Amino acid sequence: MTRLAYALRALVATATAGAAVLVAAAPAAQARPEPKAPEEFVALRSVDPTILQDMRYTTAHNFVGEPVDGYRQPVCILTRPAAQALRQAQRKLLSQGYSLKVYDCYRPQRAVDHFVRWAKDLRDERMKTEFYPRVDKSRLFADGYIAEKSGHSRGSTVDVTVVKLPAVPTRPYVPGEKQVECYAPRAERFPDNSVDMGTGFDCFDTLSHTDDPRIQDAQRANRRLLTSALGAQGFVNLPEEWWHFTFKPEPFPSTYFDFPVARRSVAGH
């Protein structure tokens with residue numbers, strides 16, 4: 001072997017040894033484990049599988065126009081007392097030929113943060129025609145439609161409606177499809193299988209106020225059916241949103257959680 005060959009072999013050996021030392025010295029990358037829900041949280045389906053679920057924030061059919069941060073799977077998670085109270089309300093409604101349907105349940109703080117970022121981006125109005133046609137996006141914070149904290153993150157708040165049985169399946173939303181105002185007549189809005197509540201879910205409009213005097217006849221009766229069924233089980237309605245209810249007393253009245261909406265978050269509970 002020539003002197004040049006020996007020199008090259010020694011150089012390669014030195015470089016290889018140095019790389020091995022660097023690899024050994026570098027700390028192993030540690031992925032931060034996702035937080036899990038406390039034992040007091042459960043998947044609603046494990047408490048009452050008959051309640052319909054239409055988890056909007058796992059899809060693009062919402063006021064943001066895309067799946068929301070933290071919603072990994074279309075699963076409704078609630079504190080156990082709230083889920084059990086929904087089961088009691090469901091039993092009453094089933095006897096009358098109706099079913100509850102949830103749109104949103106527990107909401108992680110990271111999802112609320114996503115809403116806040118979206119609201120501050122005044123250029124993004126891709127879903128304005130359907131969800132906030134009469135509200136200037138710059139007013140969403142001032143008018144109370146978006147906030148930096150949400151009761152949903154405490155785990156006992158649910159967005160819910162009523163469906164007449166037998167339930168007609170709701171067709172999938174197609175991103176980019178023609179939008180219709182959320183307060184348009186029911187036959188013209190997105191074909192949700194909910195009874196007619198006067199507006200669609202998440203309609204940023206005063207017509208969504210539960211007792212708005214412009215809501216009359218069957219629409220008013222449907223709202224009363226929902227508030228009566230849930231009120232009898234300890235749920236309190238948010239007057240500005242006919243679909244929004246919080247179970248009282250809340251197990252976590254001042255804690256805002258951030259575990260993801262996923263089955264693993266409540267696995268084994």
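The values are calculated or read from the model by the stated rules, or taken from the named source; none is laboratory data. All figures in this text were calculated on a predicted structure; none of them were measured in a lab. No Cβ is skipped: glycine too gets one built from the backbone with ideal geometry, and neighbour counts run over all protein chains shown. Please note that ligands, DNA and RNA were not included when accessible areas were found on the heavy atoms of the full protein model with its side chains. Shrake-Rupley method; radii C 1.70, N 1.55, O 1.52, S 1.80 Å.
A few remarks follow.
- Working from Cα pairs under 8 Å separated by at least six residues, relative contact order for the stretch 60-154 is 38 percent.
- ASP258-GLN84 FRET efficiency (beta carbon distance; Förster radius 35 Å; 0.05 resolution): 0.90
- Of all lysines in the structure, those lying under 22 Å Cα to Cα from LYS248, and not within fewer than 8 positions of it along the same chain, are LYS92, LYS101, LYS149.
- Computed packing ranks the peptides 201-213, 251-263 as 201-213, 251-263, most packed first, by mean other Cβ atoms within 10 Å.
- Chain lengthening between LYS149 and GLU177 when straightened (0.36 nm per residue, less Cα-Cα): 7.0 nm
- Since only ALA111, VAL47, VAL160 are under comparison, the one whose Cα sits farthest along the positive direction of the charge dipole of the chain, derived from C-beta charges on Lys, Arg, Asp and Glu, is VAL47.
- For the chain, cysteines whose Cβ has no other cysteine Cβ within reach (under 4.7 Å): none
- Estimated from the Cβ-Cβ distance and a Förster radius of 45 angstrom, the FRET efficiency linking LYS120 and LEU94 is about 0.55.
- Full-extension gain in nm, LEU165 to PHE141, via 0.36 nm per residue minus C-alpha separation: 4.9 nm
- Only Lys, Arg, Asp and Glu carry charge here, each on its Cβ (+1 for the first two, -1 for the last two); on that basis the chain has a dipole of about 840 debye about its Cα centre.
- Whole-Å distance, taken between Cα centres, linking the stretch 148-180 and the stretch 77-129: 7 Å
- Taking all protein chains into account, the per residue accessible area for the chain stands at 51 Å² (1.4 Å probe).
- Report note on the peptides 89-97, 66-74, 106-114: ranked by the mean count of other C-beta atoms within 10 Å, highest first, their order is 106-114, 66-74, 89-97.
- Remark: spin-label model distance VAL236-GLU40 equals 1.6 nm, labels positioned 7 Å along the Cα→Cβ axis.
- Each of [x] 44; [y] 57; [z] 63 is a candidate for percent of Cα pairs over 23 Å apart; the one calculated from this structure is [y].
- In the stretch 50-92, the portion of solvent-accessible area held by carbon and sulfur atoms comes to 45 percent [1.4 Å probe, whole percent, DNA, RNA and ligands not counted].
- Choice from ARG186, ARG32, ARG45 with maximal GNM fluctuation in the chain (Cα, 10 Å cutoff): ARG32
- The value of relative contact order for the chain, using C-alpha pairs under 8 Å at least six residues apart, is 25 percent.
- Taking Cβ atoms as reference points and 12 Å as the exclusive limit, the residues near TYR103 contribute a net charge of -3, counting Lys and Arg as +1 and Asp and Glu as -1.
- A crude spin-label estimate for the pair ARG224 and THR206, with each label 7 Å from Cα along the Cβ direction, gives 2.3 nm.
- Extension gain for ARG110-ARG134 works out to 5.9 nm (0.36 nm per residue, less the C-alpha to C-alpha distance).
- The stretch 143-231, accessible surface, carbon-and-sulfur percent (1.4 angstrom probe): 55 percent
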